[in-house]
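Data first, discussion second: the structure below is written as structure tokens.
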């Protein structure tokens, strides 16, 4: 099925199917707005709501299966360990990794990027070496590299984007050189929605033996991910954005690279032997998981992946594209609102602004109609500077959204515009 046919098909089905799926998410029945408005949640790029299956998995683990994992001599601990490690296998399959040993559990994409910065790149970096990132990166994929450059004397080099918010692949090719020690780019921008040409980026970098880290925090909820097909060396994402619990995240790393990396943190469970004179570490991934992890969160993350896979990631992407196309078309009726980011390939994220209305005022007044959106710089201040705006209003879509939500948003936006004008 072509993307166009798939999108049109989904637009015709959104009313019935989407309303049915929204019932999977208890918050839409339970949340009580102070003005009695139904909740219209358009902030999934910040964090996704949780389906009942994930909430139940979290509760069920604490009610029936909880114990600390690894090395427990009793059944309850062994069973909890089995559930935890089963989730690792589930994640590996979900993103197409060769082995669950390539999956490190973290607290989120941010911690995963910091782990790579300190455990992989820091020992290799010399003054005048370069790290390449794009202008559209989230702070989580800027700040760790900036800190590392300040500590080592290396240079942080930015890959430009076009006025439409498209990754400038030609400029990227010219920036690659023998001083480049890592390329770290997002697969999908949390502000622009832009999908970057992942496979081409990796191939160009690998031609010069340069490793690539991909920030998949915004792509993983919307697109099928296969780290083997992309060829990337590291891939990170957050559990809370794929309908899983907060405090969970994933670092995928190629086995060879993980085995070369030093531990990021020291503590319990990541060692094989400890004396006051010497410490030896477990092999990956355990050497990077010091202390007691969010066991219940990781177990419930498995249920979030089950939920997505029951729908099918191709279906998820088609639905996301249908919502995006419909909303972009509706914005055509509001020509005085400027959309930041007009890339042809996007996930369901739209950032917009108005020359005479502050983004925070838009968000505050939309809240009076029960509509939840995000306003501000979206942890992407350099990108705001690139487009010469202090911040934007942003809507972003999840599996619980439908055309009715978008229509309600635009009706409310018209009222906000009239009031503030």
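The values are calculated or read from the model by the stated rules, or taken from the named source; none is laboratory data. Computed from a predicted structure; not experimentally measured. When we count neighbours, we look across all protein chains shown, and the Cβ atoms used for this are built from the backbone with ideal geometry, even at glycine.
Tell me, yes or no, whether the stretch 147-155 has at least one residue that is over 16 Å from residue 214 (Cα atoms) and touching a strand residue (DSSP E or B) at 6+ places or on another chain (Cβ under 6 Å). Walk me through how you get there before you give the answer.
Let us first name the residues in the stretch 147-155 that are over 16 Å from residue 214 (Cα atoms), namely 147-155.
Those left that are additionally touching a strand residue (DSSP E or B) at 6+ places or on another chain (Cβ under 6 Å): 149, 155.
Yes, the stretch 147-155 contains at least one residue that is over 16 Å from residue 214 (Cα atoms) and touching a strand residue (DSSP E or B) at 6+ places or on another chain (Cβ under 6 Å).
Would you please name the residue that is surrounded by the fewest Cβ atoms within 10 Å (Cβ to Cβ), looking only at residues in the stretch 146-172 that are in contact with a helix residue (DSSP H, G or I) (Cβ under 6 Å, 6 or more places away or on another chain) and not in a strand (DSSP E or B)? So, considering only residues that are in contact with a helix residue (DSSP H, G or I) (Cβ under 6 Å, 6 or more places away or on another chain) and not in a strand (DSSP E or B), the one surrounded by the fewest Cβ atoms within 10 Å (Cβ to Cβ) is 160. Of all residues in the stretch 390-421, those satisfying the criterion of being surrounded by fewer than 17 Cβ atoms within 10 Å (Cβ to Cβ) and either within 24 Å of the chain's Cα centre (by Cα) or more than 26 Å from residue 21 (Cα to Cα) (or both) are 390, 414, 415, 418, 419, 420, 421.
The strands (runs of 3 or more DSSP E) found entirely in the stretch 211-274 that carry 1 or more residues being buried (at least 22 other Cβ atoms within 10 Å of the Cβ) and in contact with a strand residue (DSSP E or B) (Cβ under 7 Å, 6 or more places away or on another chain) are 212-215, 234-238, 249-253.
If I filter the stretch 133-145 for residues that are free of Cβ contacts under 8 Å to residues at least 60 places away in the same chain, touching a strand residue (DSSP E or B) at 6+ places or on another chain (Cβ under 6 Å) and more than 21 Å from residue 340 (Cα to Cα), do I get at least one hit? Yes, some residue in the stretch 133-145 is free of Cβ contacts under 8 Å to residues at least 60 places away in the same chain, touching a strand residue (DSSP E or B) at 6+ places or on another chain (Cβ under 6 Å) and more than 21 Å from residue 340 (Cα to Cα).
Being under 24 Å from residue 139 (Cβ atoms) and not in a loop (DSSP other than H, G, I, E, B) is the filter here, so list the residues in the stretch 364-391 that pass it.
Passing the criteria: 364, 372, 374, 375, 376, 381, 382, 383, 384, 385, 386.
Within the bounds of the stretch 113-126, is there any residue that is in a loop (DSSP other than H, G, I, E, B) and either touching a residue at least 60 places away in the same chain (Cβ under 8 Å) or closer than 22 Å to residue 293 by Cβ (or both)? Looking through the stretch 113-126, none of the residues is in a loop (DSSP other than H, G, I, E, B) and either touching a residue at least 60 places away in the same chain (Cβ under 8 Å) or closer than 22 Å to residue 293 by Cβ (or both). Taking the stretch 290-313 as the range and being surrounded by 14 or more Cβ atoms within 10 Å (Cβ to Cβ) and outside any helix (DSSP H, G or I) as the test, the residues that pass are 290, 293, 294. Given the criterion under 24 Å from the mean Cα position of the chain (by Cα) and in the same structural domain as residue 63 (by TED's automatic domain parsing), identify the matching residue among 305, 271. Step by step, each of 305, 271 is checked, and only 305 is under 24 Å from the mean Cα position of the chain (by Cα) and in the same structural domain as residue 63 (by TED's automatic domain parsing). Total residues in the stretch 314-336 satisfying the condition of being in contact with a strand residue (DSSP E or B) (Cβ under 9 Å, 6 or more places away or on another chain), surrounded by fewer than 20 Cβ atoms within 10 Å (Cβ to Cβ) and either assigned to a helix (DSSP H, G or I) or without any contact (Cβ under 8 Å) to a residue 60 or more places away in the chain (or both): the figure is 2. Pairs linking a residue in the stretch 348-377 that is in the same structural domain as residue 333 (by TED's automatic domain parsing) and at positive phi to a residue that is part of a loop (DSSP other than H, G, I, E, B) and buried (at least 18 other Cβ atoms within 10 Å of the Cβ), with Cβ atoms under 6 Å and 6 or more positions apart or on different chains, are 370/39; 376/391. Taken over the stretch 339-363, the criterion of being more than 25 Å from the chain's Cα centre (by Cα) and either assigned to a loop (DSSP other than H, G, I, E, B) or surrounded by fewer than 20 Cβ atoms within 10 Å (Cβ to Cβ) (or both) is satisfied by 355, 356, 357, 358, 361.
Among all residues of the stretch 76-86, there is none that is farther than 25 Å from residue 195 by Cβ, at pLDDT 95 or above, surrounded by 15 or more Cβ atoms within 10 Å (Cβ to Cβ) and under 21 Å from the mean Cα position of the chain (by Cα).
Can you tell me which of 191, 185, 143 is assigned by TED's automatic domain parsing to the domain that holds residue 235, within 20 Å of the chain's Cα centre (by Cα), within 28 Å of residue 374 (Cβ to Cβ) and surrounded by fewer than 21 Cβ atoms within 10 Å (Cβ to Cβ)?
That would be 143, the only listed residue that is assigned by TED's automatic domain parsing to the domain that holds residue 235, within 20 Å of the chain's Cα centre (by Cα), within 28 Å of residue 374 (Cβ to Cβ) and surrounded by fewer than 21 Cβ atoms within 10 Å (Cβ to Cβ).
Run down 98, 118 and say which single residue is in contact with a helix residue (DSSP H, G or I) (Cβ under 7 Å, 6 or more places away or on another chain) and surrounded by fewer than 23 Cβ atoms within 10 Å (Cβ to Cβ).
98
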